[in-house]
């Protein structure tokens, strides 16, 4: 009779351990999924930031913005070809 | 009243029947209909979703993104879940740009949905707000929508390419959507489960276009300025590399501000631009010598019931004179030495009347009638560029053949196709010859004729002080509703820069200029000069400045200090002695995994200029490692702080190399 109760207890413990393992695994998976979602959101946010900054840099670097400002503020002008001199670097600088 | 034993037996039988029914029903549910019930249960607690594939990036030849895919969001709001509707409402209205009325309407609904799409930046503060549900969706963005808009095209509502290169390259860019199963609760809310991805999405391939964003901007601005100044109906600019057939810039604009791709789709009569092709036939077939002269007829010549006139009458003209001053009379007289078949075949060989084969979804062939359909004046008309309709891209490729020593190439807009993440090059463009149109010697002779146009002829407005230019003007009457319209002209200009070993072919077309002169010499030629000057002064434009140095002897000989205090724009590049001529193309070294400093040094040692994109560890270059590029040309180096890990995963980084010459 006592031997039978031991078996029941053993099965009960095995059942509880298995259940706990399943529960722990599921909890860890959900936690990982949440972290993954958070990371994805952060990455999307950073991507958005980067794209926005790149767009603003390109707009600021564009000729439509730079040329009028350079002309108005610094008195520069687009060089004519006679003002463009291609100077070969000395061979020692390589 | 039955005996107890009998009653017990009846009860036992009843229990047995009940159990049998139970077992039978269980077997029916589990075995016979098990699959259906399992699917139903699955459907109640899971949902299969489509994982969008990231569409590939379109970038210019230096890696500047022209079309990118970014994650955006639709926003759903459950008003009954909001903790503080007043405060949350203020935040939501501000971030989503909602009016007070819209927000009040949203509060009255059970679930309000705002499609947006909203950027990650816009929705970031909303992530922690209870009752706000974000649905991510990939969307296409064009960082600078004005750049090459018509060429790049757009996506349709179905997310597929609807026009332009987005349409042509759709199968490459689209990728393959994936699928995943997400868990959902009783209320239908989804829970993300990373273990339930059935098929991961396969991102589309990245495509590097041949376009040069800076040249494109130069072309667009020059065209816009010209159209505004001349009050013209529209215009086109095409720039391409004659050695490879790569289109570097394509600008089209109409009076109403629209930018349909008319460089591919709209035809025009080229007028005097086509005279050089009659000259090509005459020289190839040896029907004319350099000393042959024809009479200028005092500027007016009546032939076959038709009067041909010249704007700049000459007593007598050689073929060179005919091209230089763009004489209709002389070219018509010279062309009479050709048979219709010879004239037709030459024009056909230059690509007129046929598709160029460029990767654009809509391209016009133009019109070149076979000799059987010609009338008596057709030969003279074709020599002068009438009875022939062409597209600007066809003209550019035909002039490109002259620049390319007589070899006609197929034009292209695609430079490379890469796997996402720059892991590998799937396709790299190589020049694709169509046919040899004229011999190398004839091509050189034709370039000399075109050089005369800029030095002493109708194209002097395009002349540069230090660099020789070869070009041809064309001013043709416009056809409106099938008839030549009085006072309406198309001014066009085709140029090779520099005249020796050309690196750029430019075609400028101005439709119906109203203000000032309508002649190409005064309209399209100055626009060409302006664009060339800007291209020379630009840092990253795809010009081989080492080769240009040999083409600019006057610049080298004249010290800049002698020029009245003029401040020169100095462009350095690796030394290339003039005696060496055009240096051989060199292989771009593999610098993946190198530190930035070492990577730049390695590229400099190989004789390349370097443009940096990003920081950290070198990831890849454009042109890619192993590709050949001219010494002195620009190599774009892409770096990423996390590149080292990716490079390691692809294989060991190569040791730093010394210079190889």
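The values are calculated or read from the model by the stated rules, or taken from the named source; none is laboratory data. For clarity, every value in this text was computed on a predicted model and none was experimentally measured. Please note: Cβ atoms are built from the backbone with ideal geometry, for glycine as well, and neighbour counts cover all protein chains shown.
Laid out as a table, the results:
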{"quantity": "Unique match (being within 21 Å of residue B:135 (Cβ to Cβ) and modelled with pLDDT of 85 or more) among B:64, B:46, B:69", "calculated": "B:69"}
{"quantity": "Which numbered condition residue B:497 misses (of (1) within 28 Å of the chain's Cα centre (by Cα); (2) surrounded by fewer than 19 Cβ atoms within 10 Å (Cβ to Cβ))", "calculated": "(2)"}
{"quantity": "Any hit, segment B:412-426, residues being touching a helix residue (DSSP H, G or I) at 6+ places or on another chain (Cβ under 7 Å) and closer than 30 Å to residue B:348 by Cβ", "calculated": "yes"}
{"quantity": "Which listed residue is in a loop (DSSP other than H, G, I, E, B), within 14 Å of another protein chain (Cβ to nearest Cβ) and in contact with a strand residue (DSSP E or B) (Cβ under 8 Å, 6 or more places away or on another chain), from B:546, B:520, B:499, B:542", "calculated": "B:499"}
{"quantity": "Leading residue by the ranking (surrounded by the most Cβ atoms within 10 Å (Cβ to Cβ)) among those in segment B:50-75 that are in a strand (DSSP E or B) and more than 14 Å from every other protein chain (Cβ to nearest Cβ)", "calculated": "B:58"}
{"quantity": "Enumeration of residues in segment B:352-392 that are closer than 20 Å to residue B:332 by Cα and assigned to a loop (DSSP other than H, G, I, E, B)", "calculated": "B:352, B:369, B:370, B:374, B:375, B:376, B:377, B:384, B:385, B:386, B:387"}
{"quantity": "Residues within segment B:309-339 that are surrounded by fewer than 15 Cβ atoms within 10 Å (Cβ to Cβ), out of contact with any helix residue (DSSP H, G or I) (no Cβ under 7 Å at 6 or more places or on another chain) and not in a loop (DSSP other than H, G, I, E, B), tallied", "calculated": "1"}
{"quantity": "Residue list for segment B:254-275, filter: buried (at least 24 other Cβ atoms within 10 Å of the Cβ) and assigned to a strand (DSSP E or B)", "calculated": "B:268"}
{"quantity": "Which numbered condition residue B:298 fails, given (1) under 39 Å from the mean Cα position of the chain (by Cα); (2) on the phi > 0 side of the Ramachandran plot", "calculated": "(1)"}
{"quantity": "Members of segment B:352-361 found to be in contact with a strand residue (DSSP E or B) (Cβ under 7 Å, 6 or more places away or on another chain) and more than 18 Å from residue B:472 (Cα to Cα), listed by number", "calculated": "B:353, B:358, B:359"}
{"quantity": "Where a residue in segment B:450-468 is within 14 Å of chain A (Cβ to nearest Cβ) and within 18 Å of residue B:318 (Cβ to Cβ) and its partner, wherever it lies, is modelled with pLDDT under 95 and in a helix (DSSP H, G or I), with Cβ under 8 Å and at least six apart", "calculated": "B:454/B:460; B:454/B:462"}
{"quantity": "The lone exception for residue B:581 - which of (1) at pLDDT below 75; (2) touching a strand residue (DSSP E or B) at 6+ places or on another chain (Cβ under 6 Å) it fails", "calculated": "(2)"}
{"quantity": "Qualifying positions in segment B:261-280 - over 17 Å from residue B:492 (Cβ atoms) and under 14 Å from the mean Cα position of the chain (by Cα)", "calculated": "B:261"}
{"quantity": "Failed item in (1) at the interface with chain B (Cβ under 7 Å from one of its Cβ atoms); (2) at pLDDT 85 or above; (3) farther than 27 Å from residue B:59 by Cβ, with residue A:62 passing the rest", "calculated": "(3)"}
{"quantity": "Hits in segment B:106-165 (condition: in a loop (DSSP other than H, G, I, E, B) and at positive phi)", "calculated": "B:131, B:148, B:153, B:159"}
{"quantity": "Yes/no for residue B:491 being more than 17 Å from residue B:243 (Cα to Cα), assigned to a strand (DSSP E or B) and without any contact (Cβ under 8 Å) to a residue 24 or more places away in the chain", "calculated": "no"}
{"quantity": "Options B:629, B:639: the member that is assigned to a strand (DSSP E or B) and either surrounded by fewer than 16 Cβ atoms within 10 Å (Cβ to Cβ) or modelled with pLDDT of 80 or more (or both)", "calculated": "B:639"}
{"quantity": "Unique residue being surrounded by 15 or more Cβ atoms within 10 Å (Cβ to Cβ) and modelled with pLDDT under 95 when the list is B:305, B:299", "calculated": "B:299"}
{"quantity": "Filter pass, residue B:222 being within 14 Å of chain A (Cβ to nearest Cβ), in contact with a helix residue (DSSP H, G or I) (Cβ under 8 Å, 6 or more places away or on another chain), surrounded by 17 or more Cβ atoms within 10 Å (Cβ to Cβ) and in a strand (DSSP E or B)", "calculated": "no"}
{"quantity": "Residue in segment B:97-111 that is in the same structural domain as residue B:197 (by TED's automatic domain parsing) and touching a residue at least 40 places away in the same chain (Cβ under 8 Å) present", "calculated": "no"}
{"quantity": "Residue in segment B:12-24 that is surrounded by fewer than 18 Cβ atoms within 10 Å (Cβ to Cβ), out of contact with any helix residue (DSSP H, G or I) (no Cβ under 7 Å at 6 or more places or on another chain) and assigned to a strand (DSSP E or B) present", "calculated": "no"}
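Here's the yes/no breakdown for (1) surrounded by 15 or more Cβ atoms within 10 Å (Cβ to Cβ); (2) in contact with a helix residue (DSSP H, G or I) (Cβ under 9 Å, 6 or more places away or on another chain); (3) farther than 30 Å from residue B:207 by Cβ; (4) at pLDDT below 85:
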{"residue": "B:105", "(1), (2), (3), (4)": "no, no, yes, yes"}
{"residue": "B:116", "(1), (2), (3), (4)": "yes, yes, no, yes"}
{"residue": "B:120", "(1), (2), (3), (4)": "yes, yes, no, yes"}
{"residue": "B:130", "(1), (2), (3), (4)": "no, yes, yes, no"}
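Results for (1) farther than 30 Å from residue A:78 by Cα; (2) touching a helix residue (DSSP H, G or I) at 6+ places or on another chain (Cβ under 8 Å); (3) more than 14 Å from every other protein chain (Cβ to nearest Cβ), shown as yes or no for each residue.
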position	(1), (2), (3)
B:158	yes, no, yes
B:167	yes, no, yes
B:177	yes, no, yes
B:196	yes, no, no
B:209	no, yes, yes
B:213	no, no, no
